[in-house]
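Q: Pasting a structure here, questions to come.
Laboratory data are not the source of any read-out in this text; all were calculated from the coordinates shown. Please read all numbers here as calculations on a predicted model, not as lab measurements. Because the Cβ atoms are built from the backbone with ideal geometry, glycine has one as well, and the counts that use them run over all protein chains shown.
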Amino acid sequence: MMTEGTGVRSPSPVKIQLSTGDMSMLREAAARLESARYGKRQDTWGKGLVSSPMFVGLCGEHACCVFLNRKLATNVQVDTVLRSHGDGGADIVLMGLRIQVKTRSVGKRNLIRRIDGEKRVRGLSVHAFVFAQLFESTRLVHLLGWCHAADTRKNGRLSKSARGDWWNIELEGKHLLPMNDLATEISTRGYS
């Protein structure tokens with residue numbers, strides 16, 4: 001994001017405080033989803049790189065829903081429905097805009113796992129990515145910013161996973177847009 005007088009920098013994060021009730025509901029949903037989706041997988045990605053990766057992801061998705069509901073007076077909820085083939089990549093669908101929320105609990109990198117072991121780019125089934133960071137001990141989620149999916153290849157760079165055989169697209173924070181711009185994008189553009 002370009003800011004006059006300071007050059008290119010990351011947008012200020014939007015801070016969303018989760019309640020203990022939210023955390024309990026998300027932890028229960030994550031346990032159900034993890035046992036069904038990942039219970040039998042033995043690969044590094046399937047076992048997870050952090051403790052309870054589904055919980056971390058759901059916390060980011062919930063925080064994004066809270067933000068969008070406040071900004072747009074909507075009632076979008078975290079999708080915890082168990083589907084045999086997952087959610088198709090879209091964590092949130094609002095007014096036709098398909099959003100994938102990428103949440104981290106450790107590190108400082110904005111990563112999208114889109115490159116397989118043979119370095120083939122997997123198709124993007126969303127319009128936008130939102131990046132978030134969970135601070136579990138304080139129940140706080142920082143919504144770091146968002147980007148159009150079409151811009152990820154242009155602004156991102158390929159980086160090999162430090163712990164697995166896949167590749168990521170890594171986006172620097174300076175390429176993210178402020179979260180308020182996402183609300184404007186949804187309310188002014190039509191998606192199908």
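Q: Which net charge results when you count Lys and Arg as +1 and Asp and Glu as -1 among the other residues whose beta-carbon is under 11 Å from that of residue 52? Before the final figure, lay out the partial values.
A: On the way: positive: 27; negative: 34, 136.
Net of charged neighbours comes to -1.
Q: Here's another thing I want to ask about it. When the Karplus curve 6.51 cos²θ - 1.76 cosθ + 1.60 is applied with θ = phi - 60°, which whole-Hz ³J(HN,Hα) does each residue of region 19-34 get, with x for Gly and Pro?
A: These are the phi-based 3J(HN,Hα) values: 7, 5, x, 4, 4, 5, 4, 5, 5, 5, 5, 4, 4, 5, 5, 5 Hz.
Q: Local charge sum around residue 61 (other residues, Cβ-Cβ under 9 Å, Lys/Arg +1, Asp/Glu -1)? The partial results should precede the final answer.
A: Working: positive: none; negative: 79, 91.
Result for the local shell: -2.
Q: A further question on this structure: What list do you get for 130, 56, 106, 14 if you sort them by fewest beta carbons within 10 Å? Could the numbers behind the result be given before it?
A: Numbers: 130 27, 56 24, 106 11, 14 21.
Exposure proxy ranking, most exposed first: 106, 14, 56, 130.
Q: Which length gain, in nm to one decimal place, applies between residue 27 and residue 15 when the Cα-Cα distance is subtracted from 0.36 nm times their residue separation?
A: 2.3 nm
Q: Sort 26-34, 176-184 by the packing proxy (mean of other Cβ within 10 Å over each peptide's residues), most packed first.
A: Details: 26-34: 16.4, 176-184: 18.7.
The densest-packed peptide leads the list: 176-184, 26-34.
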